[in-house]
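> Please read through the structure below; I'll follow up with questions.
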Amino acid sequence: MINANDFIKTFESKRAVDSLNINIDEGKIYGLVGTNGSGKSTFLRTVCGVYYPDGGSVEVDGENVFENIDAKSKVFFVSDDMYFLPNSSIEDMTHIFKDIYPTWSQEKYEKLVSRFPIERKAKVKNFSKGMKRQAAIILALSCQPKYLLLDEAFDGLDPVIRVAVRKLIAEEVIERNMTVVISSHNLRELEDFCDTVGILNKGKLVKEISVDGISDKFCKIQIAFPKYVNIESIENEKILSVKSSGSVYTIACAMSCEEAETFISKYNPVFVDYIPLTLEEVFVYEMEAVGYDTDNILF
């Protein structure tokens, strides 16, 4: 289990993570989403022991990870900026990981490296970004970590390899109860892959969303009334956003379509339509709710 309790990380005068509290259960695929600079990568780098918390704690199975060899051996981090030793091949890198990870499986490595379209003895520095990503994932899965951390893990992969990687990771979760934490800007992909998604903003956890049945938890209402209704004054904590275009309002809310229909029927609309929200739309509306000015960014 991964636990962050009042976790704080500061770089010079900038607080990258601000009293973050998050708990990730074993055997789950947990997605991290947020705007640039929201603290996603900082959190992942602290979980794998690269950074030390400036306040609070980040623990893996109840242990601090920083300078803890046993705890680190449970975690494999595939960063967005992948690093390989100079002039090394993927075959060269295996000798390093065999010594670091007691769970290394040569059998799994041989199986994976034969399935991906990369040359095991070629220098990684000559690989494309997508090929480097494949090499990193092969090494990660061959180490058989208990916790796999992925920072923009699918970036650069072509659609066929992307599907294959997701399938391989899902198999590891099912067969070994591996826990996966993945940060990505591709919310559509996370919606199909994760159990839970945490939304970060300015180093804080804004909201956690169970992805299973997300369309049953959020919806968008497009509505018109027979006479003027001050819709902005309607108080309901589940309303995320209200926008108007002429006499038609668009209301985003944390309700199922059925719950929204019950809520809005008392206003006797002349026209109403209920549309389930995608994870990407939920993210945008949640960002608006915490003051992120999407109107001046999105167009």
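> Among the residues of region 184-195, is any at positive phi, at pLDDT 90 or above and open to solvent by 10 Å² or more (accessible area, probe 1.4 Å)? Step through it out loud before you land on a result.
Applying the first criterion (at positive phi) to region 184-195 yields none.
For region 184-195, residues at positive phi, at pLDDT 90 or above and open to solvent by 10 Å² or more (accessible area, probe 1.4 Å): absent.
> How about region 191-207: which of its residues are touching a residue at least 40 places away in the same chain (Cβ under 8 Å) and not aliphatic (A, V, I, L, M)? Don't jump to the end; show me each part of the working.
Keep residues of region 191-207 that are touching a residue at least 40 places away in the same chain (Cβ under 8 Å), which gives 191, 193-207.
Within region 191-207, Glu191, Phe193, Cys194, Asp195, Thr196, Gly198, Asn201, Lys202, Gly203, Lys204, Lys207 meet the criteria.
> Still on this structure, I have one more. Step by step: first the residues of region 21-34, then only those that are touching a helix residue (DSSP H, G or I) at 6+ places or on another chain (Cβ under 7 Å) and open to solvent by 10 Å² or more (accessible area, probe 1.4 Å), then the one that is farthest from Thr278 (Cα to Cα). Which residue is that?
Of all residues in region 21-34, those touching a helix residue (DSSP H, G or I) at 6+ places or on another chain (Cβ under 7 Å) come to 27, 29, 31-34.
Next cut, open to solvent by 10 Å² or more (accessible area, probe 1.4 Å) only: 27, 29.
Details: Gly27: 24, Ile29: 18 Å.
That would be Gly27.
> Name the residue that is modelled with the lowest pLDDT, counting only residues in region 139-167 that are farther than 27 Å from Ile69 by Cα and among the aliphatic types (A, V, I, L, M). Talk me through it step by step, then tell me what you get.
Of all residues in region 139-167, those farther than 27 Å from Ile69 by Cα come to 154-167.
From what is left, the residues that are among the aliphatic types (A, V, I, L, M) are 157, 160-161, 163-165.
Numbers: Leu157: 88, Val160: 91, Ile161: 91, Val163: 91, Ala164: 92, Val165: 93.
For region 139-167, the residue satisfying everything is Leu157.
> Which residues, counting only those in region 146-164, are closer than 15 Å to Cys194 by Cα and of a type in the set (A, V, I, L, M)?
Answer for region 146-164, where residues must be closer than 15 Å to Cys194 by Cα and of a type in the set (A, V, I, L, M): Leu148, Leu149, Leu150, Ala153, Val163.
> Give me the pairs, please: first residue somewhere in region 107-123 and free of Cβ contacts under 8 Å to residues at least 60 places away in the same chain and closer than 9 Å to Ile90 by Cβ, second residue anywhere and open to solvent by less than 70 Å² (accessible area, probe 1.4 Å) and assigned to a loop (DSSP other than H, G, I, E, B), beta-carbon distance under 6 Å, and either six or more positions apart or on two chains.
Every condition considered, the pairs that remain are Val113/Arg120.
> Can you tell me which residue among Lys227, Lys207, Lys243, Lys220 is over 33 Å from the mean Cα position of the chain (by Cα) and either in a strand (DSSP E or B) or at pLDDT below 80 (or both)? Before you say what the answer is, go through the steps one by one.
Details: Lys207 fails: over 33 Å from the mean Cα position of the chain (by Cα); Lys243 fails: over 33 Å from the mean Cα position of the chain (by Cα); Lys220 fails: over 33 Å from the mean Cα position of the chain (by Cα).
Within the list Lys227, Lys207, Lys243, Lys220, the selection yields Lys227.
> Please enumerate the residues belonging to region 147-159 that are surrounded by fewer than 18 Cβ atoms within 10 Å (Cβ to Cβ) and over 16 Å from the mean Cα position of the chain (by Cα). Quick ask: steps written out before the conclusion?
Taking region 147-159 first, the residues surrounded by fewer than 18 Cβ atoms within 10 Å (Cβ to Cβ) are 155-156, 158-159.
Listed by number, the residues that qualify are Gly156, Asp158, Pro159.
> Hey, another quick one. Give me a count of the residues in region 44-61 that are touching a residue at least 24 places away in the same chain (Cβ under 8 Å) and either closer than 22 Å to Arg188 by Cβ or not hydrophobic (A, V, I, L, M, F, W, C) (or both).
Within region 44-61, the subset touching a residue at least 24 places away in the same chain (Cβ under 8 Å) is 44-51, 53-61.
Add one more test, that the residue is either closer than 22 Å to Arg188 by Cβ or not hydrophobic (A, V, I, L, M, F, W, C) (or both), and what stays is 44-46, 49, 51, 53-57, 59, 61.
The total comes to 12.
> Continuing with this model, one more query. Mind checking which pairs have a first residue in region 133-144 that is open to solvent by 10 Å² or more (accessible area, probe 1.4 Å) and a second that is among the aromatic types (Phe, Trp, Tyr), Cβ under 6 Å, 6 or more apart or different chains?
Gln134/Phe116
> Sticking with this structure for a sec: Where residues in region 61-84 are touching a Phe, Trp or Tyr at 6+ places or on another chain (Cβ under 8 Å) and within 19 Å of Ala140 (Cα to Cα), which of them is most open to solvent (accessible area, probe 1.4 Å)?
That would be Lys74.
> Determine whether region 160-168 contains at least one residue that is within 30 Å of Asn87 (Cβ to Cβ) and open to solvent by 70 Å² or more (accessible area, probe 1.4 Å). Steps first, please.
Kept after step one, since they are within 30 Å of Asn87 (Cβ to Cβ), are these residues of region 160-168: 160-162, 164-165, 168.
If we keep only those that are open to solvent by 70 Å² or more (accessible area, probe 1.4 Å) too, we end up with 160.
So far as region 160-168 goes, yes, one or more of its residues are within 30 Å of Asn87 (Cβ to Cβ) and open to solvent by 70 Å² or more (accessible area, probe 1.4 Å).
> Lys217 - would you say it is under 24 Å from Gly34 (Cβ atoms), charged (D, E, K, R) and touching an Asp or Glu at 6+ places or on another chain (Cβ under 8 Å)?
On the way: under 24 Å from Gly34 (Cβ atoms): yes; charged (D, E, K, R): yes; touching an Asp or Glu at 6+ places or on another chain (Cβ under 8 Å): no.
The answer is no for Lys217.
> Quick one: what pairs do we get from region 244-262, first residue without any contact (Cβ under 8 Å) to a residue 60 or more places away in the chain, second part of a loop (DSSP other than H, G, I, E, B), C-beta under 6 Å, 6+ apart or different chains?
Cys253/Lys238; Ala254/Phe218; Ala254/Lys238; Met255/Lys238
The values are calculated or read from the model by the stated rules, or taken from the named source; none is laboratory data. Everything quoted here is computed from the prediction, not taken from an experiment. Backbone-built Cβ (ideal geometry, glycine too); neighbour counts: all protein chains shown. With ligands, DNA and RNA removed, areas are computed over all heavy atoms of the protein, side chains included. Shrake-Rupley method; radii C 1.70, N 1.55, O 1.52, S 1.80 Å.
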